[in-house]
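K.L.:
Handing you this structure, nothing more for now.
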């Protein structure tokens, strides 16, 4: 059995360039791309997904793997994978920011721990929201939808030297605003309730200056914050579902034909 150089180049391209896009996506996506997941597991998962998806993809362009076109294709695949993973990661960051906002108002800002994903200190309440988001995301089969959208991207945005243009990059940058708006929507009930408590204590301070607010205000604020948090938890799945659907919708729009223009 003899293989020509063209067949070898085509075989390498049909697996190498999908691996770049899939690997970049897995490296930046939440859950699988977190720092707590060993690099070997992430690499093995990227190889496994590539072996499953590659035979179903359109024929890869026959270019020299060491040429300039191959370098452009590689950069485009890395850019596409990173952008898609970043969209999902910002969705998780929205819930983390919501927990941080609520924790600061409750007086739990000092109760911090190391976030294994980012390696920085975050309030414990933020970690609680991240864990809840992860569990609900898996319960909604978000990990399966994530792989499905990634595999579908090879059909709507085939491997070529052209990929993401300026419009797509602006859309990814604008998605960063969803992190703040989503955090506000999740934290709004607790923020409104705690703001009302602070206003009430302000009125009490004016009416009774001798009242020790440090002895009374902190326990009341903490207990009321926990109560509001408990009451708002049933609405958390719908908020996470809404943000996840919006993220997947944007990912599909970015890789849809006619939406992406060459740079």
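K.L.:
Beta carbons within 10 angstrom, averaged per residue: use that to sort the peptides 57-63, 241-247, highest first. Walk me through the intermediate numbers first.
P.N.:
Working: 57-63: 15.3, 241-247: 18.0.
Listed from highest to lowest mean packing, they are 241-247, 57-63.
K.L.:
How are the Cα pair distances of the chain distributed, in percent, across 10 Å bins from 0?
P.N.:
Taking every Cα pair in the chain, the percentages come to 7, 26, 27, 18, 11, 7, 3, 1, 0, 0.
K.L.:
While we're here: Rg and Dmax of segment 3-107, using alpha carbons, in Å: what are they?
P.N.:
In Å, with Rg to one decimal and Dmax whole: 18.1, 69.
K.L.:
Then there's this: If you build a Gaussian network model of the chain, linking Cα atoms that sit under 10 Å apart, which residue out of 43, 56, 86 swings the most?
P.N.:
56
K.L.:
Let me ask something else about it. Order these peptides, 132-140, 197-205, 15-23, 95-103, by their mean beta-carbon neighbour count within 10 angstrom, highest first. Mind showing how you got there, number by number?
P.N.:
On the way: 132-140: 16.9, 197-205: 12.6, 15-23: 22.1, 95-103: 24.8.
With the highest mean Cβ count within 10 Å placed first, the list reads 95-103, 15-23, 132-140, 197-205.
K.L.:
For segment 167-213, place one equal point scatterer on every Cα, skip the solvent, and apply the Debye formula. What is log10 of I(q)/I(0) at q = 0.16, 0.29 Å⁻¹?
P.N.:
-0.61, -0.95
K.L.:
Considering all alpha-carbon pairs of segment 70-186, what whole percent are spaced by more than 16 angstrom?
P.N.:
Roughly 68 percent, once rounded to a whole number.
K.L.:
If we sort 216-223, 161-168 on the protection proxy, mean other Cβ atoms within 10 Å, highest first, what's the order?
P.N.:
Highest mean packing first, the order is 161-168, 216-223.
Read-outs: derived from the displayed coordinates by stated rules, not from any lab. Keep in mind that this is a model prediction, so the values were computed, not measured. Cβ sites come from the backbone with ideal geometry, for glycine too, and all protein chains shown count toward neighbours.
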